[in-house]
Structures are given as C-alpha cells and as structure tokens.
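The values are calculated or read from the model by the stated rules, or taken from the named source; none is laboratory data. From a predicted model like this one, the values you see are computed outputs, not experimental measurements. Don't worry about glycine lacking a Cβ; one is built from the backbone with ideal geometry, like all the others, and counts go over all protein chains shown.
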Amino acid sequence: MAVEAGTQQERVAGRVWTVRLDPYGRPSAGEVRLSCSRPACAPHRISGGAGAGRKAAVEHVNIHLARIGEDGGPRGDASCACRAADCAWHTADPDAGRRGGARPTAARCGGAMVLALYADRVGRLWRIAEMCARCAAATPGCRVLDTARSTAPTAPTGAAQAAGESAGNGESAAGTAQAGRAALFSDTGPATAAGASSTDAVSQAPVPHARTASPGGTSRRTKRWGKIARRIVPHDLEPDVLRVELIELGDAFRTYQQRTEPDLALLAELHERKGRAFRLWADVSGDNSLHHEAKRAETAAQTTRETFHNRTGAPVDDAVGGDELAVEWLLTRQQAVHARTVLEYAQSHSPYPEAEVRLAVLMLTLRAARAGTGNVTGQDLASWLPDDAERVLERLVEADWVRLPDTVAQAMASLPEEATTFTVPALLSTEPRPLALGKTTRARISGWAQKTVGDRKIRKKKLGAATRLLALYTAAHTRPDGRLGHAEDGGLPLEKAAAFCSLTFDEVTEHTELLVTADWLAEADTAAGRLRGQLAGRILPLGGLL
C-alpha cells in the first residue's frame, strides 16, 4: 500500500477471522472440531462427518460477515492483514525472478482496502480478512465481498453475500446475505450488484485481476524446483527423474495435510517413496544429512504400516486397491499381547479353580490392574455371573483375594453413582508390578473383556461362566483372518483351553458347540487334541490378533 512509513504506523491493524475444521477422535466416530480465531468463539465438536462440519463452518462464517456488515464493513484506514502475515497468503510474483530482485513485501500492497473471503479447496479452512485489493487479487480462491468507501459512507456497507461457495465442496452458504452489494470474486474483477447505484461502483477502487495457478497447481517457475521436508529441490538436480520425484512428493505431502481424515495406507506409501528418493539424493549430492532424513522416512513408513495393521488387522499392501472390507479391531496387536498376559495371570492367581471364580477374578483384575484398587457395581457382578455373583464374591472375600469396605450384600446393591471401591492386595503397587499396563491399555482390555462376556447372544442363551471363559480364550487367540491359533500350529491346544476354562476335553467340545449356536464361532472342530475354528463375522473386531 503506497503510504509513508510514519502514516503506516498510525493505521489500525487489519482484522482477520479464521474458521477451521479438524478431525476429532477416531475416524469411525465421524466427529470434527470447529474452531475460530476470535477469542469469543469457543471451539466445539460436530457430529455427522465432514459434510455437517462444513455446513456449520459456513454458517459460522456468515454470522461474522453479518456482524461485520452491521459494523460498517471493511475499514478504509486499516492496514493490510496479508502484509502483516508477510504476504504469505498469496502466490509469489512470477515476474520477481526475471527482475532479479528479492520478494517484495510492502511494494506489493496497493489499491483500496477490501473485505475478502478465502476458502481452501478441501473445505477445511475459511479466512475473512481486511486486506488490500492487490493482495486479494493475488490470492487464488479469494473472493472480495466488499470494498471500503473512499469517503464517509451515507449508509452502512455490508458483507453483502454469505460465505459463498466453499472451495472444493460445491456447497453454498445459507442465506444471511444482506441486500445492496454482491460479493466479488478476485478472479473475475469488480461487479455491481443488481440495484446498486453507479456512484457506489465508481467510488470503489478497481480490484486488479488475480494471477491464477497454472494447470496442476504449479507455476512455470515451480516446475523446475520445489520444496520437501523444508528443503529446496535444486532446479538443476540430476538425474531429472529424481528432481521430478522430489517435487511431486513435496506436493503430495502438502495435499495429504489438507485431508479431513487420515489415510494411513497412502501415508505409508508416501514415506516409503520419500525414503528411496532421499537416499538417491544423498548419493548424488554427497550430503550425509539426507541419509538421516531417508532413515527417518523409512522409520515413519514402518511405523505407519504397523499402526494401520493394528487398526485393521490387514497389511497395508493388501488394503491398497483391495476389495475386502478392513476390520477395525478393538485391540491393537500389542494390547492383545497384554490381554493374553492378564488371562494367564487370572488363571494362575485364582484362589479356586471353579470357572465362576476364575471369571470374577479376571474381570476384577482388569478393574484393579494399575493400582490394586477399582470400582464395581452390583449390576457389573450380576452381568458377569447372573446366578452366582454373591456366592462367588463371598468366597473371594473369605480367601482375602479381594477386600471390600462394606458387606458383600451392600456391594451387590451398589449403584453406578455409588460404586463399591474394592482392593486386590496382590495388585497393590509393588516392584516389579504384577501387571504393567498403561492407562489406555488397561481400559481397552477391560472394555474388550466386558464386550466379550456381555455379548448379547451369549446373554440371550444364558451361557454359563465356563462358556464365557472359552469365548474370551478363543477371541484372545485369533489371527487377523479370524482363524483360531497360529497358522503353523493349526488351532489351539485343547488341554490349554480346557485348563483355562476349568473343563475336561469332552466338556470343551460341548461348550464349543454352544458358542457355535450363539454365533460366536462360525465353525469349530476339536479333533486330534486341537481346537480349530473361526470367529463369526460379527465377532471379528474382538479378535486378539496373534
């Protein structure tokens, strides 16, 4: 903006409102977080996925636009907000390199102050700003909504149209538009709305035409060089295929960062490509720091693949272009290892061998695994052991395996709002700790066991404690495809399953058939001393991922 330095200091700063959407929680939850840069706007969560989030964000933008219009629109005495951000919002001047000068800052600003709206193409960020006309025109995807008057206004100006078309999603904002002035796109030049006077149009300073990006999103200058991992790819890097690969990778990573939801399969592939490209770059240039960056990329690729495998149970290569539906496992592979450790602990530390006692020991152990204390309600106990909960709890108290603050009858009558706090002496903090479970891991395994024991079809058929223990054992020893046991073993040892459930070999066969009728197992076979079978499709998310 062509002003003297002394005058520039007296101008008020241009206002900026930034509204953005971010993923929140697990992708399957379908929630997004809406936040606004204005301190008075508290962030909040929105259910219904990215579509509902974009609709709410556009409505929020329209609210700000309406308030700006009520306050008189953009201020002619404000300084350019884009310049305050070091002109980082718009593309570089393509003529700067040919002129041989440094990137201009203040010299770029000029024209009237305008109220501009920018929306990114993926519908994740909206920015309202008071900026100069030149910066607005130089920002692809920026829409000019109103222009500051050069003289004192006779009537309030307004952000005349709603937040408009959300970039990349084809949605239009709901109508909080005010009459009198149409919103202007910087790439189409100024236009006067129907009904606006010609004197209003004349009083507006002309908005220069925007520089649009070339096909593919890169300018002529960036075809020869680019940036990746905060490094500039030299324009003369050889071989040429390496230079092109590095530039494309940098663009691909930046595009990935604009996604509303993560795609771990795609991210692992990008990291793997980056590792290969950086190793070749290091060999060509002799820069050892590039070898370090390549190793980091390879580690990131491996970690991303493991995370994807833990979440879905399928290798990344199988997920890319595959037709099978990925399973969202309740437990990660490492959490499944801890779950099997807890099952072994409950088997070896149960004061009595009966299945009812062992089931209660297992469930209470999961509640108290971290500090030796936990909370339980009568409803919990009754859901685990519908007919024997009080008798089993009395036996555990008599054996001093568990300690209660009150009587067993009071524990059985406790409600969720007044749960009974119990103590397991063997799990009290000692070194080394009997079960080294993190907070999240303990909660995940406890929830997994609760879902297994409380399965609706198992409850509907009123299956006993031994059958529920067998359900836990089979779920904890499952491959990603749902088959029981390791592939090389061909099933589970029948004697180990029988010992865990306090059953004989013949009884294991009977209880296995009960699990088949309850649609827990799709098929089962106990021949040759092995328990073979496969979890039913509805149970796959509870699999333990051997």
#### Entry: Contacts under 7 angstrom Cβ, first residue in the stretch 225-253 being within 15 Å of Ala297 (Cα to Cα) and assigned by TED's automatic domain parsing to the domain that holds Phe278, partner acidic (Asp, Glu) and modelled with pLDDT of 90 or more, 6 or more apart
Ala229/Glu293
## Note on the structure
Of those in the stretch 262-286 that are among the acidic types (Asp, Glu) and within 21 Å of Thr303 (Cβ to Cβ), the residue modelled with the lowest pLDDT is Asp263
## Note on the structure
The one condition Thr407 fails out of (1) within 21 Å of Ala355 (Cα to Cα); (2) free of Cβ contacts under 8 Å to residues at least 60 places away in the same chain; (3) over 31 Å from the mean Cα position of the chain (by Cα) is (1)
### Query
List, please: which pairs have Cβ atoms under 6 Å, are six or more places apart or on different chains, and start with a residue in the stretch 38-51 that is in the same structural domain as Val16 (by TED's automatic domain parsing) and end with one that is among the polar types (S, T, N, Q)?
Pro43/Ser35; Ala50/Thr260
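With Leu514, Leu469, Leu503 as the choices, which residue is closer than 21 Å to Thr341 by Cα, at pLDDT 90 or above and touching a Lys or Arg at 6+ places or on another chain (Cβ under 9 Å)?
Leu469
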## Note on the structure
Of (1) without any contact (Cβ under 8 Å) to a residue 60 or more places away in the chain; (2) assigned to a loop (DSSP other than H, G, I, E, B), Arg276 satisfies every one except (2)
### Query
Could you say which residue among Lys496, Lys461, Lys439 is touching a Ser or Thr at 6+ places or on another chain (Cβ under 8 Å) and surrounded by fewer than 23 Cβ atoms within 10 Å (Cβ to Cβ)?
Lys461
### Message
Cβ-Cβ distance below 6 Å, separation of 6 or more or different chains: which pairs start in the stretch 517-536 with a residue that is within 16 Å of His477 (Cβ to Cβ) and assigned by TED's automatic domain parsing to the domain that holds Ala497 and end on one that is surrounded by fewer than 21 Cβ atoms within 10 Å (Cβ to Cβ) and β-branched (Val, Ile, Thr)?
### Response
Ala524/Val516; Thr526/Thr509
### Message
Can you confirm whether Thr512 is touching a Ser or Thr at 6+ places or on another chain (Cβ under 8 Å), in contact (Cβ under 8 Å) with a residue 40 or more places away in the chain and over 15 Å from Thr452 (Cβ atoms)?
### Response
yes
### Count of the stretch 517-546 residues which are aliphatic (A, V, I, L, M), under 35 Å from the mean Cα position of the chain (by Cα) and closer than 12 Å to Leu484 by Cα
7
### Query
Of all residues in the stretch 142-151, how many are of a type in the set (D, E, K, R) and either within 33 Å of the chain's Cα centre (by Cα) or part of a loop (DSSP other than H, G, I, E, B) (or both)?
2
### Message
Filter the stretch 429-450 down to the residues that are in a loop (DSSP other than H, G, I, E, B), out of contact with any helix residue (DSSP H, G or I) (no Cβ under 8 Å at 6 or more places or on another chain) and either acidic (Asp, Glu) or closer than 20 Å to Ala360 by Cα (or both) and list them by number.
### Response
Glu431
